[in-house]
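The values are calculated or read from the model by the stated rules, or taken from the named source; none is laboratory data. Keep in mind that this is a model prediction, so the values were computed, not measured. So basically every Cβ, Gly included, is an ideal-geometry build from the backbone, and we count neighbours across all protein chains shown. Remember, those area values only see protein heavy atoms, side chains included, never the ligands or the DNA or RNA. Shrake-Rupley method; radii C 1.70, N 1.55, O 1.52, S 1.80 Å.
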Amino acid sequence: MYPYDLLPDSSIDIYLYGICMAVGIICCFIFLLWTASYKNFNEKSTDIILLMGVVATAIGILFAMLFQSVYNYIDTGNWSFGSMTFIGGLIGGVGSYLIFYFAYTRLVAPHAKAKWLKNDMNATLADAVPFIPIGITIAHAFGRLGCFFAGCCYGVETDAWYGIKFETTSTTVVPTQLFECIFLVLLTVVMALLYFKFHFNCNFGVYCIAYGVWRFVLEFWRGDNRGTFIGSLSPSQFWCIVMVLLGIAYFFAYKYIFKKYMKHPENQPPVNPKKAKKANSTPDAE
């Protein structure tokens, strides 16, 4: 609970919230990089998936601020740009990632003459989707820890033993940030076990349904007013319903569509760049 500048005498503003966000994003990409290597993704697959992930993350942060500014306008009639909502960032990040990926694989790579633009991936997005949600929950858990330090996203007033008084509240409130952080850590562990131990490929569906239900319920304990969106639903509750429906639809989409596009690089022999280069340079026998 320290929403203050860590370097007050410096010209650079540094807050624990920002540090937590940065650490979360870094840990997310370290996990994705390690998993891609563990699953035998070749260099091109790893580069494309991670590079698009970096760009999508930046766009997601922009969308997180844009969504919240729209909600602020609906509630107060005034635009304010700066605060963020996670679900808005998730929509912007996932949406932009899909656009970039399909633009590359369907439009750019098939017509590219430059070798570095060719699609030499031994894995598809369908191979990465099963473990990408694990990286998202890792980053999100750190982000909620940052919310705890910043004193935002807090809950309603309470006299219970778990109540906490933040610098931004006048009474003790439910620490919804910590509750969500703990939930995200548990969800990370569950999805990791499903993927690495049981070779489960529908973690995206699990993530959408589990987080959608949890966040919908948690909204009843949120004490920071963010207005209503449709009827008595908060903006997050509306998108949680969309997430749950999307999660259910994903199980069917995986079974009948996405499963067919998986290349399963973990079942392929690892590529040795030196041997491959030597083989390509050896003249054919006549």
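I need the calculated FRET efficiency for the pair T168 and K115, taking r as the beta carbon distance and R₀ as 51 Å, to the nearest 0.05. The partial results should precede the final answer.
On the way: r = 54 Å, r/R0 = 1.06.
Calculated value: 0.40.
If you stretched the chain out fully between I182 and V217, how much longer would it get, using 0.36 nm times the residue separation minus the C-alpha to C-alpha distance?
Result for the pair: 11.1 nm of gain on full extension.
State the extension gain, in nm to one decimal, for the chain segment bounded by R106 and I26, taking 0.36 nm per residue of separation less the distance between their alpha-carbons.
Result: 25.9 nm gained on full extension.
Please determine, in degrees from 0 to 90 and to the nearest 10, the orientation of helix 235-256 with respect to the longest principal axis defined by the Cα atoms of the chain, where the helix direction is its Cα long axis.
Here the helix axis deviates by roughly 20 degrees.
Over the chain, calculate the relative contact order: mean separation of alpha carbon pairs under 8 Å at least 6 apart, over the residue count, as a percent.
21 percent
Among [x] 86, 50, 38; [y] 55, 46, 40; [z] 58, 49, 30, which one is Cα extents along the principal axes in Å computed from these coordinates?
Only one listed value fits the structure, namely [x].
For the chain, give the percent of accessible area contributed by carbon and sulfur heavy atoms, probe 1.4 Å, rounded to a whole number.
Answer for the chain: carbon and sulfur cover 69 percent of the accessible area.
Taking K and R as +1 and D and E as -1, what net charge do the other residues with C-beta under 10 Å from the C-beta of P265 add up to?
Net charge around P265: 0.
Find the centroid of the Cα atoms in segment 23-66 and in segment 147-169, then give the distance between the two in whole Å.
If you average the Cα positions of each part, the centres end up 32 Å apart.
Summing -39500 (n - 2.57) over the DSSP H runs of n ≥ 4 in the chain and dividing by its residue number, what mean residue ellipticity at 222 nm do you reach, to the nearest 500 deg cm²/dmol?
-19500 deg cm²/dmol
For I12 and L245, compute 0.36 nm times the residue count separating them, minus their Cα-Cα distance, and round to one decimal in nm.
Contour length minus the Cα-Cα distance gives 79.6 nm.
Report the charge-dipole magnitude of the chain in Debye, nearest 20, computed about the Cα centre from +1 at each Lys and Arg Cβ and -1 at each Asp and Glu Cβ.
In debye, rounded to 20, the chain gives about 1380.
Among I209, C153, V173, flag the residue with its Cα farthest along the positive direction of the charge dipole of segment 143-250, charges on Cβ as +1 for Lys/Arg and -1 for Asp/Glu.
Final value for the positive-end residue is I209.
Between helix 176-196 and the chain, what is the angle of the helix's C-alpha long axis to the longest principal axis, kept within 0 to 90° and rounded to the nearest 10?
For 176-196 against the chain, the angle is about 20 degrees.
Between K263 and residues 5 or more places away or on another chain, which pairs have amide H atoms under 5 Å apart, with H built 1.01 Å from N, and which residues are they?
T124, D127
If you fit an axis through the alpha-carbon atoms of helix 132-150 and take the longest principal axis of the Cα set of the chain, what angle between them do you get, 0 to 90°, nearest 10?
30 degrees
With every protein chain left in place, what is the accessible area per residue of segment 1-153 in square angstrom, probe 1.4 Å?
Normalised by residue count, the accessible surface of segment 1-153 is 50 Å².
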